[in-house]
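**Q** This structure is in structure tokens; I'll ask about it shortly.
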Amino acid sequence: MIENEQDPIFDKRRPVYGKDYDRGWVGFNHSTSWMSKVIGSDGHYRRKSSIVISHAFIVIGEDLCVEAAFRKGVLISSMTAQYFERPERYVVFRKPKNLTPELADEICRLARREVGTRFDNGLVVAHTLNDNFIAWIANKLTGGAVEAIAEAQLDQEDAWICSELTAYVLDQTPQFHGVGNLEQGATMLTPQELFENDEIFEPLPQPDGSFKGARETQFEIVYEDDAGRPND
């Protein structure tokens with residue numbers, strides 16, 4: 001998957017369940033597809049880490065995750081089929097802090113509860129409208145009123161985008177309610193912003209053996225290319 005095999009976060013070996021990822025962990029993904037590139041550019045001027053993220057999902061088993069997928073809605077996916085055997089896609093797993101078996105069970109239960117709901121196309125439009133310099137200035141001048149209007153008008157009930165679903169599930173637990181950027185709500189959080197919520201997740205291993213938060217992680221990922229298909 002990843003050309004630089006010495007990096008502890010990104011390498012070509014299959015991640016080991018129970019060590020590199022587990023139930024209740026969150027997977028963060030990026031790929032060469034046009035859709036990933038568009039989503040990855042959303043809020044790029046706010047990005048702190050050099051690691052680009054465009055998708056998020058919740059691990060519920062060794063090969064299973066719950067995710068909100070374009071055109072399909074919220075479903076249970078095989079990580080082998082969707083990620084581990086796709087060389088154009090990389091995944092960074094992050095473990096929530098102080099994760100117990102009981103908390104992992106609750107995260108999985110909350111995620112499974114949303115399976116079968118729709119993908120929120122309206123919210124994608126809201127994110128797109130807010131992702132430009134003029135909207136950024138307008139939000140600054142109005143205290144976020146422009147973003148709030150777009151969210152109110154375009155967000156659909158019982159429908160999700162990937163980062164909204166993942167953030168919502170975490171925010172429903174007492175341990176993570178309102179922690180870090182979850183304080184602003186789940187709806188307008190991008191996958192990148194959720195990935196960089198170091199207040200919720202444990203630090204990431206670095207190439208030099210140290211551990212740092214995502215916002216401090218500053219090395220570029222190089223991965224194989226292919227035709228580049230959207231995350232379907």
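The values are calculated or read from the model by the stated rules, or taken from the named source; none is laboratory data. Computed from a predicted model, the values in this text were never measured in an experiment. Cβ placement follows ideal geometry from the backbone for every residue including glycine, while neighbour counts extend to all protein chains displayed.
**Q** Filter region 187-212 down to residues that are farther than 13 Å from Lys95 by Cα, assigned to a loop (DSSP other than H, G, I, E, B) and of a type outside the set (Gly, Ala, Ser), then give me how many there are.
**A** 7
**Q** Sticking with this one: Can you confirm whether region 166-178 contains a residue that is at pLDDT 75 or above, part of a helix (DSSP H, G or I) and touching a Pro at 6+ places or on another chain (Cβ under 6 Å)? It would help to see each step written out before you state the result.
**A** Here is the first cut: in region 166-178, the ones at pLDDT 75 or above are 166-178.
Still in the list and also part of a helix (DSSP H, G or I): 166-171.
This time we only want the ones that are touching a Pro at 6+ places or on another chain (Cβ under 6 Å), so: none.
No, region 166-178 contains no residue that is at pLDDT 75 or above, part of a helix (DSSP H, G or I) and touching a Pro at 6+ places or on another chain (Cβ under 6 Å).
**Q** Might you let me know whether region 94-110 holds any residue that is in a loop (DSSP other than H, G, I, E, B), at pLDDT 90 or above, more than 16 Å from the chain's Cα centre (by Cα) and of a type in the set (A, V, I, L, M)?
**A** Narrowing region 94-110 to residues in a loop (DSSP other than H, G, I, E, B): 95, 97-100.
Next cut, at pLDDT 90 or above only: 95, 97-100.
Those left that are additionally more than 16 Å from the chain's Cα centre (by Cα): 97-100.
Retained after the next criterion (residues that are of a type in the set (A, V, I, L, M)): 99.
Yes, region 94-110 has at least one match.
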